[in-house]
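*Asks:* There's a structure below that I have some questions on.
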Amino acid sequence: MKRFKRILALCPDDDTRENLLKWCKTISERAEPDLIEILRFPEESFLAEYPGNIDEKEFISQELALLEEQARVPLACEPVRCMIKTGPPLQTILNLLSGGIYDLVIIPTSDRESKSFAERIARKSPSGVLIVPQGRKPHFQKVLASIDFSELSDLTLDWAIAFSGLSKKDPNLRAIHATKVPTTNRATLILQPDLLKTAINQTAEKSLKDLLYQKNPNLTWKTSIVSNPIASSAILQEAAKQDTDLIVMGSHGRNLISVALLGGETTEIVRHSKHPVLVVKRKNESLGFLRNLLGLSTENEKAA
């Protein structure tokens, strides 16, 4: 049975620590990971001010002991290891992730700067990244999957189904796809805009329902087809309307230049969402783990 082997959780400060540990505990209660690693970076200003009679090694040792004490009670029954790092946070985290040993990264956010940091991690990470805005509790009943019919759609559904399985209540699964009427197309010369919009939406809705049925015919999904040239705006509006517990979406991991030129749906949602966002990528091939773990395999897979 595949499981979470390792979870990496970033603990930036005391304000986010308590809720971060709740997320770690809620997820690990069902996934039973081999190890949860809690990572903290001391503030540079604070690091520079430690007493002159204490060297950096001793200072880090004291910080580590404090973090271990803070994590001991909330994660008493979980396998936990705490880490204190003093290098550049972005590069240090990406170096840790480059080894491919983590199945999930959890990053709390509390302001614009931390959301920007989380977006950069999500764009470059080879692992799934769960971004938790301040004040959001670990619930997984209402899950919204963003489907763009790319090669990542199947994987996005895998993650959405898996995390909805962590809910103590019956999950409320919803899939959304945003359409837009092309402005330079022969169809626009033949059909009236309203008719073309209806045709596009009907085709998208059928394709979405077919995809969901093929993924698992035993699950009930609600679907939303919205006409909006800015997909991220449509997704955020739907999440707010449903008070979604988790938005799940795929990321193609585009570089800074392409994001700047073309815009980035994932970037916009991570930076502006008031709801937790789970970003998955094609590199997450190992993440059939939760489907198997939570008994979500199809009957054909079980028979095999």
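What follows is calculated from the coordinates using simple rules that are stated; it is not laboratory data. Everything numeric in this text was worked out from a predicted model, so none of it was measured. Cβ placement follows ideal geometry from the backbone for every residue including glycine, while neighbour counts extend to all protein chains displayed.
*Asks:* Step through the residues of segment 15-27 one at a time and calculate ³J(HN,Hα) from phi using the Karplus curve (6.51 cos²θ - 1.76 cosθ + 1.60, θ = phi - 60°), rounding each to whole Hz and writing x for Gly and Pro.
*Replies:* With coefficients 6.51, -1.76 and 1.60, one gets 5, 9, 4, 4, 5, 4, 5, 5, 5, 4, 5, 4, 5 Hz.
*Asks:* Also: List the residues whose amide H sits under 5 Å from the amide H of residue 82, counting only those 5 or more places along or on another chain, with H placed 1.01 Å from N in the peptide plane.
*Replies:* Distant-sequence amide H within range of residue 82: 38.
*Asks:* Compute the Cα gyration tensor for segment 1-135, then decide on rounded, prolate or oblate, letting a ≥ b ≥ c be the square roots of its eigenvalues: rounded whenever a/c is under 1.5, prolate when a/b is larger than b/c in the other cases, and oblate in all that remain. Don't jump to the answer; show the numbers that get you there.
*Replies:* Details: a/c = 1.64, a/b = 1.32, b/c = 1.24.
In terms of gyration-tensor shape, prolate.
*Asks:* Another one. Tally Lys and Arg at +1 and Asp and Glu at -1 over the other residues with C-beta under 11 Å from the C-beta of residue 96: what net charge comes out?
*Replies:* Within the 11 Å Cβ shell, the charges total +1.
*Asks:* Okay, moving on. Pull up all non-local amide H partners of residue 106: gap of 5 or more, or a different chain, and H-to-H distance under 5 Å with H placed in the peptide plane.
*Replies:* Answer set, sorted by chain and number: 8, 9, 10, 130.
*Asks:* Using a simple spin-label model with points 7 Å from Cα along the Cα→Cβ vector, what separation in nm is obtained for residue 116 and residue 237?
*Replies:* Distance between the two pseudo-spin positions: 2.8 nm.
*Asks:* Please work out whether segment 61-198 counts as rounded, prolate or oblate from its C-alpha gyration tensor, where a ≥ b ≥ c are the square roots of the eigenvalues and a/c under 1.5 means rounded, while otherwise a/b larger than b/c means prolate and anything else oblate?
*Replies:* Note, shape of segment 61-198 comes out prolate.
*Asks:* For residue 226, what charge total do you get from the other residues with a beta carbon under 14 Å from its beta carbon, if Lys and Arg give +1 and Asp and Glu give -1? Before the final figure, lay out each step's value.
*Replies:* Numbers: positive: 174, 180, 197, 222, 241; negative: 148, 205, 238, 265.
Spelling it out: positives minus negatives among the neighbours equals +1.
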